[in-house]
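Working notes, beginning with the structure itself.
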Amino acid sequence: MTQYRSIIRRMLCIASVALGLAGCLAGTALGPKKEGLTEYTAATGAPMTPEQQALVFETADLKFKVFPETQRLDGDATLVFRATAPVERLVVDLDSRYAIGSVSIDGTPRPPDTYANPEGRLTVALPKPLATGDQVTLRIVYAGAPHVAERAPWDGGFVWATAPTGEPWIASAVQGEGCDLFWPCIDHPMGEPAVVTQHITVPDPLVAAGNGVALGMDQHDGWRTWHWRTQDPNTYAIALNIGPYELLRDEYRSRYGNTIALRFWHLRGRGDKARELFAEFPTMLDFFESTIGPYPFADEKMGVVETPHLGMEHQTINAYGNDYRQSEFGYDWLLQHEFAHEWFGNQLTNVNWDDMWLHEGFGSYMQPLYAQYLGGDMAYYAQLHGQRVGVVNRHPIVAGRPMLEHEVYDDELGPGGDIYAKGSVVLHSLRELIGDEAFFEATRRLVYGTDTPRPGNFEPRYAGTVEFIEIVNDVTGKDYRWFFDVYLYSSALPELLATRDGDGLALQWKTEDDKPFPMPVQVRIGSVDGEVRTVAMTDGRGHLGMPAESPYTLDPHSKVLRALPHVAEYQADKKARAEKAKD
Ligand SMILES: [Zn+2]
């Protein structure tokens, strides 16, 4: 993904005076400036309010009626919460562009002066406070024209397209702005409802391909309503996908003994290409199941839908818009990347956007790894090298503090594309450092919370960077904080200084702020057929005896991500040429 430019405004506090409460985000950066959105709605991942933190989000039942001609939406959302502490009002996020028709609590309509949605944070005063353990049902009926994406999936919202055969072709993609663009939710990574049902009404004969399990379709007066149910969806995973779809279906026998439904909704008239891509599904599944572990949503489906935007990791209904491009690596990288997020993003969800590299770094490392699985080392290193030359190093991958989505994605403010490319190459370096057994055990424990995942013995979970570091230390029995301090919490890459001296080669790691970096290094002495020796680099230094005139190669097997002046020069040259070509 590339990043959008944004202007951050720091707002101290927004008081919702009418309700006598402070919707207060002290010192928190709100959203980027986006046409037609409040800063609060444009942002995703703002800290949950105390009222939101005091609730368990049990179910969301979402009715959508979609009007392609007017690009409007009728919404009817019934949300069930359970209180884990006393609560006097309910707070959910919903774009304030929608006209709210009614709000009810436990089936009783609330007077309009008991709720307000001034900036996209809908606050509803309760008729009587909830005690710990109480359950409450909040229903919101609303209507309006959802925010239109400028450049989906990077700048999200709704895409109102036309299929090549002339029918409406509609998609939502809201990673950057959040679920509150079209349904009332808790727009924070940890705001997942336990169960979401959807009832999507579209003009006949359009198809609405949804998250989770299909519960059937009703036809009525020129409309069709498609029913879906899913569990523990990532908040931005709930998506509308509507078009003149045809469906490919198959069953996959997993190596874990269960059967997984395979489903691909493709556009009418693209059956031949779609069948070729569909034939890749079982191989991708088997790669992930044999390398990482069981497919997390086997009870629902492996689902893919053809979209008018490039792609997005919508849980069990991955958006695919790569136009069936062929690749020299023999697989569709876009589909494989989005599918990787079923493990890294949907099964494992970050606790905060600051940990987004756990989704995108692992998600991006799965492409070289899959290339290695399919075709061997040449393909692995070729893909990895492509990622390496894109590493920017302007900001650390992890800030170590809560971040909003756009702060992470904007490379002026945060790591931007480095959460993908650098994250991936860092994982390669970690794998080389601790070995395959420890690397994949740590990965499994991160994803499943156990090293022995089996269908039925795990649930979707949250984790952050700190937990991953603890897992690596626990699995290896060593303290690898120095590795993560340099690669994740510093922006500059470590530089390996090599100086010939009287009896060989003096080696030294140079790091930002002189952080310790005892990374062992291999050196090949002689030409390409020379002997490879390992230097321990304890205390970040080492020495290797070798003849004065001998050629040598540092890190001949490309195990360690490090600063390489020629890559930085190449990047600068490429950028200058691109800018010159624009003039
Ligand atoms: Zn991704």
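Quick rundown of the values:
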{"read-out": "Listed residues 333, 357, 482 arranged by accessible area, highest first, probe 1.4 Å", "value": "333, 482, 357"}
{"read-out": "Rounded to the nearest 10 Å², the accessible area of residue 67 at probe 1.4 Å", "value": "50 Å²"}
{"read-out": "Within region 188-338: Cβ-based charge dipole about Cα centre, in debye rounded to nearest 20 (Lys, Arg +1; Asp, Glu -1)", "value": "180 debye"}
{"read-out": "In Å², nearest 10: area of residue 256 left accessible to a 1.4 Å probe", "value": "70 Å²"}
{"read-out": "Rounded if a/c under 1.5, otherwise prolate or oblate - region 155-262, Cα gyration tensor axes", "value": "oblate"}
{"read-out": "Relative contact order for the chain, counting Cα pairs under 8 Å that sit 6 or more residues apart, in percent", "value": "10 percent"}
{"read-out": "Hydrodynamic radius of region 345-481 per Kirkwood, over alpha carbon pairs, in Å", "value": "15.5 Å"}
{"read-out": "Highest average packing first - 493-506, 68-81, Cβ atoms within 10 Å", "value": "68-81, 493-506"}
{"read-out": "Extension gain (nm, one decimal) between residue 251 and residue 223, 0.36 nm per residue minus Cα-Cα", "value": "7.1 nm"}
{"read-out": "Long pairs among 510/559; 34/422; 478/515; 422/510; 515/574, criterion Cα-Cα beyond 21 Å", "value": "34/422; 515/574"}
{"read-out": "Among 237, 100, 40 - extreme Cα towards positive end, dipole of the chain, charges at beta-carbon", "value": "100"}
{"read-out": "Among 296, 505, 147 - extreme Cα towards positive end, dipole of the chain, charges at beta-carbon", "value": "147"}
{"read-out": "Unit charges at the beta carbon, dipole of the chain: most positive-side option, 340, 378, 228", "value": "228"}
{"read-out": "Antiparallel content of DSSP bridges confined to the chain, in %, to 5", "value": "85 percent"}
{"read-out": "Sequence of 114, 84, 534 from largest to smallest accessible area, 1.4 Å probe", "value": "534, 84, 114"}
{"read-out": "Net charge contributed by nearby residues that have their C-beta within less than 15 Å of residue 467 (K/R +1, D/E -1)", "value": "-2"}
{"read-out": "Check: region 321-477 dipole with +1 on Lys, Arg Cβ and -1 on Asp, Glu Cβ, in debye", "value": "200 debye"}
{"read-out": "Centroid-to-centroid separation of region 420-470 and region 55-115 [C-alpha atoms, Å]", "value": "37 Å"}
{"read-out": "Nearest-20 debye value, the chain charge dipole, Cβ charges on Lys, Arg, Asp, Glu", "value": "440 debye"}
{"read-out": "Exposure rank, largest accessible area first [190, 356; 1.4 Å]", "value": "190, 356"}
{"read-out": "Solvent-accessible area, 1.4 Å probe, carbon plus sulfur percent, for the chain", "value": "50 percent"}
{"read-out": "Hz values of 3J(HN,Hα) by residue in region 484-499 - Karplus curve (6.51, -1.76, 1.60), Gly and Pro given as x", "value": "6, 4, 7, 7, 9, 9, 10, 8, 6, 7, x, 10, 9, 8, 10, 10"}
{"read-out": "Shape category assigned to region 143-208 from the gyration tensor of Cα positions, a/c cut at 1.5", "value": "oblate"}
{"read-out": "Sum of -39500 (n - 2.57) over DSSP H runs of 4+, divided by residues of the chain (222 nm, nearest 500)", "value": "-7000 deg cm²/dmol"}
{"read-out": "Span-like helix ranges in the chain, DSSP H, alpha carbon extent 20 angstrom or more, Kyte mean at least 0.0", "value": "421-448"}
{"read-out": "Accessible solvent surface per residue of region 389-466, calculated while the other protein chains remain in place, 1.4 angstrom probe, Å²", "value": "35 Å²"}
{"read-out": "Scattering profile of the chain at q = 0.05, 0.07, 0.11 Å⁻¹ [log10 I(q)/I(0), Debye over alpha-carbon scatterers]", "value": "-0.23, -0.45, -1.06"}
{"read-out": "Per residue accessible area in Å² of region 60-218, where ligands, DNA and RNA are left out and the probe is 1.4 Å", "value": "35 Å²"}
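The values are calculated or read from the model by the stated rules, or taken from the named source; none is laboratory data. Here the structure is a predicted model, which means the values were calculated and not measured. Glycine gets a Cβ as well: all are built from the backbone with ideal geometry, and neighbour counts include every protein chain shown. Accessible surface is based on the protein model in full, side chains and every heavy atom, while ligands, DNA and RNA are left aside. Shrake-Rupley method; radii C 1.70, N 1.55, O 1.52, S 1.80 Å.
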